[in-house]
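Laboratory data are not the source of any read-out in this text; all were calculated from the coordinates shown. What you are looking at is a predicted structure, and each value in this text was computed from that prediction instead of being measured. All Cβ positions, even for glycine, are placed from backbone atoms using ideal geometry, and neighbour counts span all protein chains on display.
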Amino acid sequence: MQVLACSNSCSLNVNCNNVKSQSSMGRRELLSTLCSSGSLKDIVSPKPISIVRMVSEGIMHLGEEIIGKSIPFATRRMLLASFLAYLSYHPSRYLSAQALGDPTVRVEDVTPPVFPSGALFPSEDRTVQLFEKNTYSVVNIFDVTLRPQLNVTGAVEIPEGNGSGVVWDEQGHIVTNYHVIGNSLSRNPSPGQVVARVNILASEGVQKNFEGKLIGADRTKDLAVLKVEASEDLLRPIKLGQSSTLRVGQQCLAIGNPFGFDHTLTVGVISGLNRDIFSQTGVTIGGGIQTDAAINPGNSGGPLLDSKGNLIGINTAIFTQTGTSAGVGFAIPSSTVLKIVPQLIQFGKAVRAGLNIEIAPELIANQLNVRKGALILQCMVLQVPGNSLAAKAGLLPTTRGFAGNIILGDIILAVNNKPVRNKGELYKALDDYNVGDKVILKIQRGGENMDLPVMLEEISS
């Protein structure tokens, strides 16, 4: 049945045999019948306003022809709006393909010219060469006790135990952070036990996987050494540099595996020196290097390089409120690395020089109101083992008198004229010395100050 005759020689044909009854056809079914009509595919007009007028008149008339006056005028207006919305989301079914392109235009005519990139600037070329030379000294480390987990989006979450490391020598020693393999170390593995998997870059895009066996670890410096059984041609040791000569503002580069993206390069500058690093192992590491080179989860254990490609630090921490780089990253200086790593390789632990005494917690010092003027002194000696070198030198602990009163021990004020105010500063001051070195402690005993020479001995990490 001819339902609707439109202008522009177009017509909409709807077979009324498809209509069950006037009362049973709802608005949704009517719209579906209209949209499925084959004649709609023939609506082609270069003037969109003609289509709008044609469709609007058609729907108004269609409602009258199919089900007479049973559809109110407002309902027919709603049908018109619904159909126009349908057309706007499905234009390709009803509008001409000619509106999507111009057949008179060739692809060659609208393709802009492509210019050769030319030679790199000298600074760019130097950075590229530094990366290509040193990236083979960087490895990817996976704690064997942790497994990647799928989140609700299907993306693989990178566990905290995934990080980076550097090739130390051709014997297969790998240096990384303690906290990168911290989960394995919390199980007290024995030396030689496999605690990680280590990926070594063999060629561009090709990595080989090895077992990482524990050699030694030092929680207080957040450093650990693994060993892999790899051929010497795969082992390209990192070049060591001097962190003691660094200057704020000089360029530095970080290479690592942030979020699992292996061998990623970021570039920045040295932002600060002698920073306290609050390590993930729960200790404070002195002498840290601050940089704005992007350091993210997965960079831990990787190298911080100077502009000559020498190792000046091991990336270890970031200061952030989001968990990602905020432009404040920290690295353990190479001077500390160079001191600790050989000890870990030889002894399996760090041989640290100290006084072998116990310093009173700050809370006790505060409660006892140990002062020098207005300053509360928090480096009060609590215990001194009787067989220690400090005891033999005459350092006195805190004791209790016959009447039950507390007799304060010596209060350490300085080490070789370097002031110390608390236990952390004392340990940091002693880091510069080795076992057997003699230091001069400036102490307060009673109301008097005095100098006390003490020989340092080995203490446990």
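Placing dummy labels 7 Å off each Cα toward the beta-carbon, the span from LEU100 to PHE261 is 3.4 nm.
Note on ASP432 and ASN449: their simple-model spin labels are 1.8 nm apart, each label 7 Å out from Cα toward Cβ.
Using a simple spin-label model with pseudo-atoms 7 Å out from Cα toward Cβ, VAL206 and VAL248 lie 4.7 nm apart. Between ASN416 and SER307, the FRET efficiency from the beta-carbon distance, with R0 = 41 Å, is close to 0.75.
Straightening the chain between ASN366 and ILE440 buys 24.1 nm, computed as 0.36 nm per residue apart minus the Cα-Cα spacing. Here the scattering of the stretch 354-459 is modelled by Debye summation over its C-alpha atoms, one equal scatterer each and no solvent; at q = 0.18 Å⁻¹ the log10 of I(q)/I(0) is -0.83. Volume per residue for the stretch 251-347 equals 103 cubic angstrom (convex hull of Cα atoms).
The residues neighbouring TYR136, those whose beta-carbon lies less than 15 Å from its own, together hold a net charge of -3 under the Lys/Arg +1, Asp/Glu -1 convention.
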